[in-house]
Amino acid sequence: QVQLVESGGGLVQPGGSLRLSCAASGDIARINAMRWYRQAPGKQRDLIATITSGGSTNYANSVKGRFTISRDNAKNTVYLQMNSLKPEDTAVYYCNGLIYPVDIWGQGTQVTVSS
C-alpha cells in the first residue's frame, strides 16, 4: 500500500513561483513513476510532469521550461517547482504514483494564480 500527500499550494501573483511537495509512504519501492497532474474547474485532469524510477523526466508543452519535477529519495518526496506562473496555471494539482497498472492518487492541492 502506498500513500501520497501533497502540500505547498496557495495563492500567488502572476510571474511568481511555488514549490509543491508530494510525500510518499508505504511500499514505495514498487513505484514505477511519479507524476503531477492538474485539473482546472470544468476541465479534464491533465498530465503535466513525469519522473521515472530511473530519473528521466517529461513535461507537457504547457509547462515546459517553467516547471521542474524532481525527487529526494532520502525523503521519499517528489517536488514540482513552478516558476513564471500564469493565471491559466490555476488548478488543483494532484500527485500520482504508478505501480503498473494501478494509479495511486494524492488528495490534491489548490494553486491559484491571481493578482
> If you go through the stretch 2-23 one residue at a time, how many are on the phi > 0 side of the Ramachandran plot and either free of Cβ contacts under 8 Å to residues at least 60 places away in the same chain or not in a loop (DSSP other than H, G, I, E, B) (or both)?
Replying inline: 1
> When the residues of the stretch 69-92 are filtered to those that are assigned to a helix (DSSP H, G or I) and not charged (D, E, K, R), which remaining residue is nearest to G16 (Cα to Cα)?
Replying inline: P87
>> Can you confirm whether R45 is modelled with pLDDT of 95 or more and buried (at least 21 other Cβ atoms within 10 Å of the Cβ)?
In response: no
> Looking at the stretch 49-68, which of its residues are more than 17 Å from I104 (Cβ to Cβ) and either in contact with a helix residue (DSSP H, G or I) (Cβ under 7 Å, 6 or more places away or on another chain) or in a strand (DSSP E or B) (or both)?
Replying inline: T57, N58, Y59, F67, T68
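Matching residues to (1) under 24 Å from S115 (Cα atoms); (2) open to solvent by 70 Å² or more (accessible area, probe 1.4 Å); (3) over 12 Å from the mean Cα position of the chain (by Cα); (4) of a type in the set (S, T, Y):
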site	(1), (2), (3), (4)
L11	yes, yes, yes, no
R30	no, yes, yes, no
Y37	yes, no, no, yes
I69	no, no, no, no
T77	no, no, no, yes
M82	yes, no, no, no
V92	yes, no, no, no
I99	no, no, yes, no
> So is D103 open to solvent by less than 50 Å² (accessible area, probe 1.4 Å), acidic (D, E) and over 13 Å from the mean Cα position of the chain (by Cα) or not?
Replying inline: no
>> Of the residues D103, D46, only one is in a strand (DSSP E or B) and within 16 Å of V2 (Cα to Cα); which?
In response: D103
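The values are calculated or read from the model by the stated rules, or taken from the named source; none is laboratory data. Note that the structure is predicted; figures quoted are calculated from it, not measured. Quick reminder, even Gly has a Cβ in these numbers, built from the backbone with ideal geometry, and neighbours come from all protein chains shown. Calculation scope for accessible area: heavy atoms of the full protein, side chains included, ligands and nucleic acids excluded. Shrake-Rupley method; radii C 1.70, N 1.55, O 1.52, S 1.80 Å.
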